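J.: Sharing a structure below in structure tokens format, with a few things to ask.
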Amino acid sequence: MVRMLRPRALRPGDTVAVAALSGGLDAEEEALFARGVAELEGLGFAVQISPLVEPGRHWWWGAATPADLAGEFNRLLRDPEVRAIFALTGGRMTLGYLDLIDFAAVEADPKPVIGFSDIDVVLLALHARTGLVGVHGDLVTFGYGEWHQAGADRRQELADLSTRMLTSSLPVGLLPSDGEWECWRGGRVEGPLIGGLLNRLVRLQATPFALPLERFDGAILFWEDVNTSTSAIWNDLHVLRSAGILDRVSGMLVGPVADIEVTEGGPGLREVVLDVLGGRDIPVLANLEIGHAPPNIPLPLGVRAELDADAGSLALLESAVSGR
């Protein structure tokens, strides 16, 4: 049986940390950062800014060395006052420090870790090793920092959803759609949510921190990507097919693929996905707000959901957090 490690539900006024888990804070992103912090405070939390979140601080393509990034993350995992960790931004660093993460600290005091893109590597590794329910959701800069661009009604929906997901031990239920979701293959299934940034999922599966294949049994696989091409996605999906993952999942959610290169005269994304799936008769719901076109709806790893592609709906059947 797959182990589930649910964090304790947050309370109003709890301290949450904003941490640099991959990339750093560029000077031109300071306004986004300030707005993102304000949104978290608006959800009712006290926000602690971690030391590596320093404008202009960089080491190669990250905020700091892998050892320093892991050190900051581990400090927050061990700090009993910090009740959740929100990733500052994405990047290209997390695969460099998975072996330095204090997984025992996660098991001793599980707390939500929230982010997407490169942060999905950390979320999936934590889920693989401990069963932690991490949240594939908005980053502080490119996410919460862009909530102000959404209409007032949508912004309130997102705020209510984020608050309920982190503070209530009751299932969230139906997730709010922006009205643009597309049914690529019909059907209705229930299963645990597993996924993230496609190219990072593929890379993670080649490491000792890979998700065991049984974690995909009956799962609803969700993925998105960025700065890629239809040919690269076709190849990455075939990696999952060859690994037997696509034979195990019960459904698929496809997020927006930002900055995608489509070969002239070649197949579009929908055709690519359905081609790789072949005769696997599983529902596919696409164009969900779960990627590099925030604001996003949060998806908790391992939580059971109901996907009804014909109705264009997705509902969470379990809570992401445990009772207080």
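J.: Looking at segment 88-124, which of the residues that are within 12 Å of the chain's Cα centre (by Cα) and among the small types (Gly, Ala, Ser) is nearest to Arg3 (Cα to Cα)?
T.: Filtering segment 88-124 for residues that are within 12 Å of the chain's Cα centre (by Cα) and among the small types (Gly, Ala, Ser), the one nearest to Arg3 (Cα to Cα) comes out as Gly115.
J.: Right, next: Could you check how many residues of segment 127-155 are at pLDDT below 95 and among the polar types (S, T, N, Q)?
T.: Residues meeting the conditions: 1.
J.: Do we have any residue at all in segment 103-116 that's aromatic (Phe, Trp, Tyr) and more than 22 Å from Leu197 (Cβ to Cβ)?
T.: no
J.: Sticking with this structure for a sec: Name the residues in segment 192-235 that are charged (D, E, K, R), crowded, with 17+ Cβ neighbours inside 10 Å and touching a Leu at 6+ places or on another chain (Cβ under 9 Å), would you?
T.: Result: Arg200, Glu224, Asp225.
J.: Condition first: farther than 13 Å from Leu253 by Cα and part of a strand (DSSP E or B). Now tell me which residues in segment 281-303 satisfy that.
T.: Passing the criteria: only Pro300.
J.: Which numbered condition in (1) of a type in the set (Ser, Thr, Tyr); (2) out of contact with any Ser or Thr (no Cβ under 9 Å at 6 or more places or on another chain); (3) not assigned by TED's automatic domain parsing to the domain that holds Glu30 is the only one that Ser177 fails?
T.: The failed condition is (2).
J.: Regarding segment 196-217, can at least one residue be identified that is touching a Gly at 6+ places or on another chain (Cβ under 9 Å) and small (Gly, Ala, Ser)?
T.: Within segment 196-217 (the criterion being touching a Gly at 6+ places or on another chain (Cβ under 9 Å) and small (Gly, Ala, Ser)), the answer is no, since none of the residues qualifies.
J.: Another one. Considering only residues that are under 18 Å from the mean Cα position of the chain (by Cα) and of a type in the set (A, V, I, L, M, F, W, C), which ones fall in segment 1-18?
T.: Met4, Leu5, Val16, Ala17, Val18
J.: Does segment 131-139 include one or more residues that are assigned to a loop (DSSP other than H, G, I, E, B), more than 21 Å from Ala258 (Cα to Cα) and either without any contact (Cβ under 8 Å) to a residue 40 or more places away in the chain or under 12 Å from the mean Cα position of the chain (by Cα) (or both)?
T.: Yes, segment 131-139 contains a residue that is assigned to a loop (DSSP other than H, G, I, E, B), more than 21 Å from Ala258 (Cα to Cα) and either without any contact (Cβ under 8 Å) to a residue 40 or more places away in the chain or under 12 Å from the mean Cα position of the chain (by Cα) (or both).
J.: Also: Could you tell me how many of the residues in segment 304-317 are closer than 19 Å to Ile282 by Cα and in a loop (DSSP other than H, G, I, E, B)?
T.: So the count comes out to 4.
J.: Further question: Go through Gly265, Gly323 for me and flag whichever is surrounded by fewer than 18 Cβ atoms within 10 Å (Cβ to Cβ) and in contact (Cβ under 8 Å) with a residue 12 or more places away in the chain. Please lay out each step first, then the result.
T.: On the way: Gly265 fails: in contact (Cβ under 8 Å) with a residue 12 or more places away in the chain.
Checking each option against the conditions leaves just Gly323.
J.: Looking at Arg304, is it in the same structural domain as Pro192 (by TED's automatic domain parsing), basic (Lys, Arg) and either under 26 Å from Leu161 (Cβ atoms) or without any contact (Cβ under 8 Å) to a residue 60 or more places away in the chain (or both)?
T.: Taking the combined requirement at face value, the residue satisfies it.
J.: Right, something else. Please go through segment 243-268 and give me each residue that is polar (S, T, N, Q) and either in a strand (DSSP E or B) or modelled with pLDDT of 95 or more (or both), ordered by number.
T.: Answer for segment 243-268, where residues must be polar (S, T, N, Q) and either in a strand (DSSP E or B) or modelled with pLDDT of 95 or more (or both): just Ser250.
J.: So, one more: Looking at this structure, is Arg164 crowded, with 17+ Cβ neighbours inside 10 Å, among the basic types (Lys, Arg) and out of contact with any helix residue (DSSP H, G or I) (no Cβ under 9 Å at 6 or more places or on another chain)?
T.: yes
J.: Still on this structure: Would you tally the residues in segment 71-112 being free of Cβ contacts under 8 Å to residues at least 60 places away in the same chain and in a strand (DSSP E or B)?
T.: Adding up the residues that qualify gives 0.
J.: Within segment 202-242, how many residues are closer than 22 Å to Leu307 by Cβ, part of a loop (DSSP other than H, G, I, E, B) and over 18 Å from the mean Cα position of the chain (by Cα)?
T.: Qualifying residue count for the region: 2.
The values are calculated or read from the model by the stated rules, or taken from the named source; none is laboratory data. Note that the structure is predicted; figures quoted are calculated from it, not measured. Please note: Cβ atoms are built from the backbone with ideal geometry, for glycine as well, and neighbour counts cover all protein chains shown.
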